[in-house]
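Reading through the structure tokens given below for one structure.
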Amino acid sequence: MKYFSGIDYQRQLIIASLDDFSPNAALPNFRGEGTDETEVWRQAVIEFLCINVKHGFIEATHYPEIRVGYDINKLEDILINGDKKNHIDPVIVWNTLYFNGTSDLINIVEKFNLREWRCANFSKECDGFISFLRETYEI
């Protein structure tokens, strides 16, 4: 996991447990370390979406097949190249493909008492939550 940022993942997963979001709205405070910060951010968002779909924490709101068990390579391809099958440009995909937290994510966020909007603004990681994510993601 090249781009794992505990506080950014924590914030975005709290938000996902409360509301849906598009890739363009994901990880808004993430700052990449590189010459092309936008590209580093895009790669971090792709990683975030793919790993969390893979582990069943998020799913596509209006694209029911993008959920746990979905081919993550296909999701990555859609985010990079657009939805070729439906002739949808990547820019449109990033603005119109919405994700939401699953019931599993909601339960986990509630377990750590983080399922409130104010928690999305915490400046410190919840150690237990981040440890849980690291163990789940196997990093």
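The values are calculated or read from the model by the stated rules, or taken from the named source; none is laboratory data. Remember, predicted model here, so these are calculated numbers, not experimental data. Neighbour counts run over all protein chains shown; Cβ positions are idealised from the backbone, glycine included.
Taking PHE57, is it out of contact with any Asp or Glu (no Cβ under 7 Å at 6 or more places or on another chain), buried (at least 18 other Cβ atoms within 10 Å of the Cβ) and of a type in the set (Phe, Trp, Tyr)?
Spelling it out, it is not the case that PHE57 is out of contact with any Asp or Glu (no Cβ under 7 Å at 6 or more places or on another chain), buried (at least 18 other Cβ atoms within 10 Å of the Cβ) and of a type in the set (Phe, Trp, Tyr).
Got a sec? Which helices (runs of 4 or more DSSP H) wholly within region 1-117 have at least 3 residues that are under 13 Å from the mean Cα position of the chain (by Cα)? In region 1-117, the matching helices (runs of 4 or more DSSP H) lie at 6-18, 37-54, 72-81. With the condition kept exactly as written, say whether any residue in region 80-96 is in contact with a Phe, Trp or Tyr (Cβ under 7 Å, 6 or more places away or on another chain) and either surrounded by fewer than 20 Cβ atoms within 10 Å (Cβ to Cβ) or at negative phi (or both). No. Taken over region 27-56, the criterion of being among the hydrophobic types (A, V, I, L, M, F, W, C) and touching a residue at least 60 places away in the same chain (Cβ under 8 Å) is satisfied by ILE51 alone.
Scanning region 67-90 for residues being touching an Asp or Glu at 6+ places or on another chain (Cβ under 7 Å) and free of Cβ contacts under 8 Å to residues at least 24 places away in the same chain gives a total of 1. Annotation: of all residues in region 118-131 being of a type in the set (S, T, N, Q) and part of a helix (DSSP H, G or I), the one that is farthest from THR61 (Cα to Cα) is SER131. Restricting attention to region 93-116, does a residue exist that is charged (D, E, K, R) and modelled with pLDDT under 95? No, there is no match, as no residue in region 93-116 is charged (D, E, K, R) and modelled with pLDDT under 95.
Quick check on ASP71: is it acidic (Asp, Glu) and buried (at least 17 other Cβ atoms within 10 Å of the Cβ)? Criteria not met by ASP71. Among the criteria (1) more than 13 Å from TYR98 (Cα to Cα); (2) surrounded by fewer than 16 Cβ atoms within 10 Å (Cβ to Cβ), the one ASN24 does not fulfil is (1). Checking every residue in region 56-70 against the condition of being basic (Lys, Arg), at pLDDT 90 or above and in contact with a strand residue (DSSP E or B) (Cβ under 6 Å, 6 or more places away or on another chain) gives at least one match.
In region 41-55 there is at least one residue matching the filter, namely being of a type in the set (Lys, Arg) and either at pLDDT 95 or above or under 16 Å from LYS2 (Cβ atoms) (or both).
Scan region 67-111 residue by residue and report those that are of a type in the set (A, V, I, L, M) and under 20 Å from ILE14 (Cα atoms). Residues satisfying the conditions are VAL68, LEU97, LEU105, ILE106, ILE108, VAL109.
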